[in-house]
Every structure is written in C-alpha cells, then in structure tokens.
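The values are calculated or read from the model by the stated rules, or taken from the named source; none is laboratory data. Source: prediction; values computed, not measured. Each accessible area value is taken on the protein alone, full model and side chains, heavy atoms only, with ligands, DNA and RNA left out. Shrake-Rupley method; radii C 1.70, N 1.55, O 1.52, S 1.80 Å.
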Amino acid sequence: MTTQSAYSTTTKTFHWLTALLIIAIIPLGVIAGKLPIETDAQVVTKTFLFSLHKTLGVAMFIVAALRIAYALTQAKPAGLHPSCKVETPERPQ
Ligand code: HEM
C-alpha cells in the first residue's frame with residue numbers, strides 16, 4: 001500500500017510497466033511503418049511487427065486504465081520538500 005513516505009510496489013510496477021510498453025511500442029510502430037514490402041520476408045516481418053505493436057498498444061491501454069483505477073484508491077505520499085510550492089501545491093479544501 002502507498003504510505004506517507006513511499007509509493008507501493010503495485011504503483012511502481014504499474015508505472016514501469018506503462019513506461020516499458022511505451023518504450024517498446026513507439027519504435028515498433030516507426031520501424032514497421034518504414035519497412036518496405038517488396039519481398040515475402042519483408043511482408044511477414046512487417047505484419048509481425050505491426051501485430052506486436054497493436055497487441056502491446058491494446059495491453060498498454062488496459063494497463064493504463066487499471067493504473068488510473070488503482071491510483072484513485074490510494075493516498076499520495078507527501079512531498080520530499082514540503083516547503084517547495086511546486087512539489088506541494090495547495091489543495092482545494
Ligand atoms: C505509445 C504509443 C502508441 C500506441 C499505444 C499505439 C497503439 C496502436 C494500436 C492499438 C494500434 C491498432 C489500431 C487498430 O488496429 O485500429 C496501432 C496501429 C498503428 N500504429 Fe500505433 N501506437 C503507438 C505509437 C505509434 C507510432 C509512434 C507509430 C508510427 C510512427 C505508429 C503507427 C501505427 C500504424 C501505422 C498503425 C496501423 C497498422 C495497420 O495498418 O494495421 N503507432 N497503434
């Protein structure tokens with residue numbers, strides 16, 4: 001569970017899973033998009049890369065939705081420097 005001083009393991013796992021998915025999806029989309037389709041092997045590779053791109057894209061949407069739903073149930077840890085206004089904005093009462 002997220003405490004006053006640290007995010008929970010679940011929150012961190014959701015965070016890094018989202019990051020890793022984005023890091024994988026973007027180059028897959030760019031590379032697959034640029035791949036020519038002149039030979040059968042290129043068609044197979046392009047199809048595979050786009051298939052992976054779409055599967056990971058849909059997985060990322062699901063992970064992001066679960067992440068938001070989970071975050072809504074958790075309190076946020078306090079800022080490391082409470083005197084810093086950027087880090088600890090005033091919250092409406
Ligand atoms: C985090 C970023 C991205 C996510 C979550 C994502 C997700 C997806 C998903 C879910 C689809 C399937 C859509 C469908 O079948 O209707 C798709 C298709 C596609 N994406 Fe991405 N995408 C991302 C970034 C990119 C980038 C950077 C490029 C290329 C510069 C790209 C190029 C494409 C193309 C060309 C298709 C259509 C593939 C086809 O013709 O079947 N995507 N993307």
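With θ taken as phi - 60° and the Karplus curve 6.51 cos²θ - 1.76 cosθ + 1.60 applied, the whole-hertz 3J(HN,Hα) list for the range 75-81 is 7, 8, x, 5, x, 6, 10 Hz, x standing for glycine and proline. Remark: the chain carries 79 Å² of accessible area per residue (probe radius 1.4 Å; ligands, DNA and RNA excluded). Translational diffusion coefficient of the chain (Stokes-Einstein, Kirkwood radius from Cα pairs, 20 °C, 1.002 mPa s): 133 µm²/s. Here is how the number arises for the chain: DSSP H runs of 4 or more residues each give -39500 (n - 2.57), the sum is divided by the residue count, and the result at 222 nm is -23000 deg cm²/dmol.
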